[in-house]
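Asker: Got a structure here, written out as structure tokens. Questions coming.
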Amino acid sequence: MYHIQVDNKNAILELLKADKEFHKIYVAYNAFKDPKTQELLKEARKRGIEIIKLPRRSMDKKTKGGSKSVLGILVSKNDWSLDDLLTDLFINKQNPFFLILDNLKYTQNLGSIMRTAYASGVNGVILPVRKESYLNAEVTRISMGASERVPLVEMGLFDAVKHLKENDIKIIALEQKGDVYYKADLTGPVAFVLGSEDEGISTKLLERVDKKVFIPKREGLGELNIAVSTGVLCYEKLRQEVTSA
């Protein structure tokens, strides 16, 4: 559990509506007439969250000169074990739909991926363990709060793939030597493995997947951004699910 500053009103409001916990919310004195701020504060008061009014200059200091009128201190608890997440999905009779991200480098990519993941029905994002948290103010802002609404698992990726396979979940990697993505069966329980544009997916991890697919593109173009590729795969899965229903 740790605190994250959220300075986007829409993100704060969405997180409040999702019943996420805030330590406190700071509001500039001159922001109370704004309808969005009024709605946000109404939600905060319902939950008994402390609201602190500040002069604009003090708000600017707290948001590092960003001239934001509202700042929420989010209590982040998005830290799952894969066992707990799978148990939760099976109890709720949900088909597991995971993203496994290898060699992820940029904060903005994770924010975009989490937003797409939430919108397309992904119910778990798996990342390798590291010392510093993957979730921070920038990820929360870019994802519009979705980074707190899609379960995040940190563990060894080899162990994750092994465990998912033991639970009959297909492991599909995005890699150039594979089938065209829209010709592959992406329905049912599945985990997509994606790597960064420059390093891709590690060779040893690729050896453990069930299938490889690729996204066609014009010659002379490098690899697509990982966040863009994630969106293409996730929405193709949605299309196939609807078509086969």
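Asker: Do we have ILE25 as over 30 Å from PRO128 (Cα atoms), out of contact with any Cys (no Cβ under 7 Å at 6 or more places or on another chain) and crowded, with 16+ Cβ neighbours inside 10 Å here?
Answerer: Values: over 30 Å from PRO128 (Cα atoms): yes; out of contact with any Cys (no Cβ under 7 Å at 6 or more places or on another chain): yes; crowded, with 16+ Cβ neighbours inside 10 Å: yes.
Considered against the rule, which asks whether it is over 30 Å from PRO128 (Cα atoms), out of contact with any Cys (no Cβ under 7 Å at 6 or more places or on another chain) and crowded, with 16+ Cβ neighbours inside 10 Å, ILE25 comes out as yes.
Asker: Only one of these is within 22 Å of SER147 (Cβ to Cβ) and among the small types (Gly, Ala, Ser): ALA18, ALA31. Name it. So that I can check it myself, show each step before the final result.
Answerer: Details: ALA31 fails: within 22 Å of SER147 (Cβ to Cβ).
Being within 22 Å of SER147 (Cβ to Cβ) and among the small types (Gly, Ala, Ser) holds for just one of ALA18, ALA31, which is ALA18.
Asker: Please go through the range 55-92 and give me each residue that is assigned to a loop (DSSP other than H, G, I, E, B), in contact (Cβ under 8 Å) with a residue 24 or more places away in the chain and farther than 30 Å from PHE158 by Cβ, ordered by number. Before the answer, list the steps.
Answerer: In the first step, residues of the range 55-92 are kept if they are assigned to a loop (DSSP other than H, G, I, E, B); the result is 55, 63-69, 77-79, 81, 92.
Among the residues that remain, those that are also in contact (Cβ under 8 Å) with a residue 24 or more places away in the chain are: 55, 63, 66, 68-69, 77-79, 81.
Once the filter is applied, which keeps residues that are assigned to a loop (DSSP other than H, G, I, E, B), in contact (Cβ under 8 Å) with a residue 24 or more places away in the chain and farther than 30 Å from PHE158 by Cβ, the range 55-92 yields PRO55, THR63, GLY66, LYS68, SER69.
Asker: Quick one: GLY72 ticks every box in (1) within 30 Å of LYS36 (Cβ to Cβ); (2) of a type outside the set (A, V, I, L, M); (3) surrounded by 21 or more Cβ atoms within 10 Å (Cβ to Cβ); (4) not assigned by TED's automatic domain parsing to the domain that holds ASP19 except a single one, so which number is it?
Answerer: Result: GLY72 fails condition (4) only.
Asker: Check ILE100, ILE91 and return the single one that is surrounded by 20 or more Cβ atoms within 10 Å (Cβ to Cβ) and in the same structural domain as GLU166 (by TED's automatic domain parsing).
Answerer: Numbers: ILE91 fails: surrounded by 20 or more Cβ atoms within 10 Å (Cβ to Cβ).
Answer to the check: ILE100.
Asker: Would you pick out the residues in the range 93-107 that are in contact (Cβ under 8 Å) with a residue 40 or more places away in the chain and closer than 19 Å to GLU148 by Cβ?
Answerer: The answer is PHE97, PHE98, LEU99, LEU101, LEU104.
Asker: I need the full set of residues from the range 151-197 which are free of Cβ contacts under 8 Å to residues at least 40 places away in the same chain, within 18 Å of GLY231 (Cα to Cα) and within 19 Å of the chain's Cα centre (by Cα), in order please.
Answerer: GLU197
Asker: Here's a follow-up. Go through (1) modelled with pLDDT of 95 or more; (2) in a helix (DSSP H, G or I) one by one and return the number of the condition LEU99 breaks.
Answerer: (2)
The values are calculated or read from the model by the stated rules, or taken from the named source; none is laboratory data. Note that the coordinates shown come from a computational prediction; the quantities given were computed from them, not determined experimentally. Don't worry about glycine lacking a Cβ; one is built from the backbone with ideal geometry, like all the others, and counts go over all protein chains shown.
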